[in-house]
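Readers should treat all values here as calculations from the given coordinates under stated rules, not as data from a laboratory. All of these numbers come straight from a predicted model, not from anything done at the bench. Because the Cβ atoms are built from the backbone with ideal geometry, glycine has one as well, and the counts that use them run over all protein chains shown.
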Amino acid sequence: MNLLPDLTPKEAVQFQKVLVEMIRFRPLPPPGGNLLIAGADCSYEKRATTGYAAIVVCRWPSMEIVDVGRGTADIGFPYVPGLLSFREIPLLQLAWESLRAKPAFVVVDGQGMAHPRRMGLASHAGLVWNTPTIGSAKSLLVGEHRPLREKRGSRAILKHQGETIGVALRTREGVKPVYVSPGHLADLKTAAQWILRLSPKYRIPEVIRLAHQEVNRLRRKDLPAR
DNA sequence: GCGACAG
DNA sequence: ATCTTGTCGC
């Protein structure tokens, strides 16, 4: 079936309720050496109609960049909180198709199940790619959590309507936490473990930082270098 | 009706 | 997400 049909915002909400039934949770691969992991991110220009996406594939644990997929297209959907996937997946899909090396899992800049209908960008992307995904967001869409300790590695369960939907994770001492939630073919425990080990120095997971740099490099047209 | 609201 | 300079702190 078509996992990303052209829909109006109202239809998209209903469609998410169908998609969420297809989500499966399971442990991510263990950190044992030599697997490929990726980060995905999008970027736009002030008030232009064009969007950009980049997916960076790295070898773990060396973090050497193995491949970079890029995509550019006209924006076909507005930004509506809760419907981000309909705006960004078309861009990310182009980047995904241009990859030669497919990763064991992808860290997506946004929510996974920490979403009003448990169908955030990472969840939807995981279904489209039939690949494990982790949602790593810089701010909250829904849910509440207790305060965190200042130390790196501190965490607090994220709950929404009585359900555990993710975790607020402090990846760097004294800095705002990131919000981690399972996408598709992942689970909360292993997702949080991976995000912490992928953020040894900065708040944002390294693969996301790399994707962020690459997508902005693409948008500014200064591709080469790396 | 009011406030919240990933990127 | 984007715009935007300097500046405080390790």
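Of the residues making up the stretch A:174-221, those that are assigned to a loop (DSSP other than H, G, I, E, B), away from DNA strand C (no atom under 14 Å from the Cβ) and either out of contact with any helix residue (DSSP H, G or I) (no Cβ under 7 Å at 6 or more places or on another chain) or hydrophobic (A, V, I, L, M, F, W, C) (or both) are A:P177, A:L185, A:A186, A:D187, A:L198, A:P200.
In the stretch A:117-132, of all residues being assigned to a loop (DSSP other than H, G, I, E, B) and more than 8 Å from DNA strand B (Cβ to nearest atom), the one that is nearest to the chain's Cα centre (by Cα) corresponds to A:P132.
Going by the conditions given, is A:G135 assigned to a strand (DSSP E or B), within 16 Å of DNA strand C (Cβ to nearest atom) and more than 22 Å from A:E45 (Cα to Cα)? Spelling it out, A:G135 is indeed assigned to a strand (DSSP E or B), within 16 Å of DNA strand C (Cβ to nearest atom) and more than 22 Å from A:E45 (Cα to Cα). Residue count for the stretch A:40-88, restricted to those that are surrounded by fewer than 14 Cβ atoms within 10 Å (Cβ to Cβ), in contact (Cβ under 8 Å) with a residue 40 or more places away in the chain, within 17 Å of A:H124 (Cβ to Cβ) and within 12 Å of DNA strand C (Cβ to nearest atom): 2. The set of residues in the stretch A:4-39 that are part of a loop (DSSP other than H, G, I, E, B) and either exposed (fewer than 13 other Cβ atoms within 10 Å of the Cβ) or on the phi > 0 side of the Ramachandran plot (or both) comprises A:P5, A:D6, A:T8, A:R24, A:R26, A:P30, A:G32, A:G33, A:N34. Any residue that is over 22 Å from A:M119 (Cα atoms) and outside any helix (DSSP H, G or I) - is there at least one of those in the stretch A:86-98? Yes.
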